[in-house]
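*Asks:* Dropping the structure in here first, questions after.
The values are calculated or read from the model by the stated rules, or taken from the named source; none is laboratory data. All values reported here derive from a predicted model rather than from experimental measurement. Note that we place each Cβ from the backbone using ideal geometry, even for glycine, and neighbour counts take in every protein chain shown.
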Amino acid sequence: MKYKVVKDLKAKGWPTATRRYKEAHEMADKAEKKKYGKSYEYMKKVDSSLKKGELAGKNTKTGKIEVSKKVPKKYRSEVAMHERVEYKDLKRLDKNSKKR
């Protein structure tokens, strides 16, 4: 899975500012926990060690995935998987909400 490693990821703009973000994030957490099990728990510790307003990973409106340099190399693919699932769920949820 392709992703770009970046120095800092701020919790601003898309997707964290979207109204369906929380729901998509929870779905991505469930998928990540199911696939990775114990390393999911380690990643929660990595997430909590980041400064307030920083993210371990982020996806763009076009689907590009960015992972923070602060995430250990061993776990970057896990973060990228989480972001990919989150992106797909955001697009699906957004598409379904427009149909209503």
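*Asks:* Going through segment 1-49 one residue at a time, which ones are farther than 23 Å from Lys74 by Cβ, touching a residue at least 24 places away in the same chain (Cβ under 8 Å), in a helix (DSSP H, G or I) and of a type outside the set (Gly, Ala, Ser)?
*Replies:* Tyr21, Glu23, Met27, listed by residue number.
*Asks:* What number goes with the only condition from (1) out of contact with any Ser or Thr (no Cβ under 9 Å at 6 or more places or on another chain); (2) surrounded by 10 or more Cβ atoms within 10 Å (Cβ to Cβ); (3) not small (Gly, Ala, Ser) that Lys34 does not pass?
*Replies:* Only one criterion is unmet by Lys34, namely (2).
*Asks:* Right, another one. Check whether at least one residue in segment 53-71 is in contact (Cβ under 8 Å) with a residue 60 or more places away in the chain and hydrophobic (A, V, I, L, M, F, W, C), and report yes or no.
*Replies:* Within segment 53-71, one or more residues are in contact (Cβ under 8 Å) with a residue 60 or more places away in the chain and hydrophobic (A, V, I, L, M, F, W, C).
*Asks:* Could you check how many residues of segment 70-97 are of a type in the set (Ser, Thr, Tyr) and at pLDDT below 90?
*Replies:* Matching residues across segment 70-97 total 1.
*Asks:* Follow-up question, since we're still on this one. Answer yes if at least one residue in segment 17-30 is of a type in the set (Gly, Ala, Ser), farther than 20 Å from Asp94 by Cβ and out of contact with any helix residue (DSSP H, G or I) (no Cβ under 6 Å at 6 or more places or on another chain), and no otherwise.
*Replies:* So far as segment 17-30 goes, no, none of its residues is of a type in the set (Gly, Ala, Ser), farther than 20 Å from Asp94 by Cβ and out of contact with any helix residue (DSSP H, G or I) (no Cβ under 6 Å at 6 or more places or on another chain).
*Asks:* Within segment 50-86, which residues are more than 22 Å from Ala17 (Cα to Cα), assigned to a helix (DSSP H, G or I) and of a type outside the set (Lys, Arg)?
*Replies:* Tyr75, Ser77, Glu78
Conditions tested, residue by residue: (1) modelled with pLDDT of 95 or more; (2) surrounded by 17 or more Cβ atoms within 10 Å (Cβ to Cβ).
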| site | (1), (2) |
| --- | --- |
| Lys30 | yes, no |
| Lys45 | no, no |
| Ser49 | no, no |
| Gly53 | no, no |
| Gly57 | yes, yes |
| Lys61 | no, no |
| Ile65 | yes, yes |
| Ser68 | yes, yes |
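*Asks:* Suppose the filter is within 21 Å of Lys2 (Cα to Cα) and surrounded by 12 or more Cβ atoms within 10 Å (Cβ to Cβ); does Tyr21 pass it?
*Replies:* When the stated conditions are applied, Tyr21 does not pass them.
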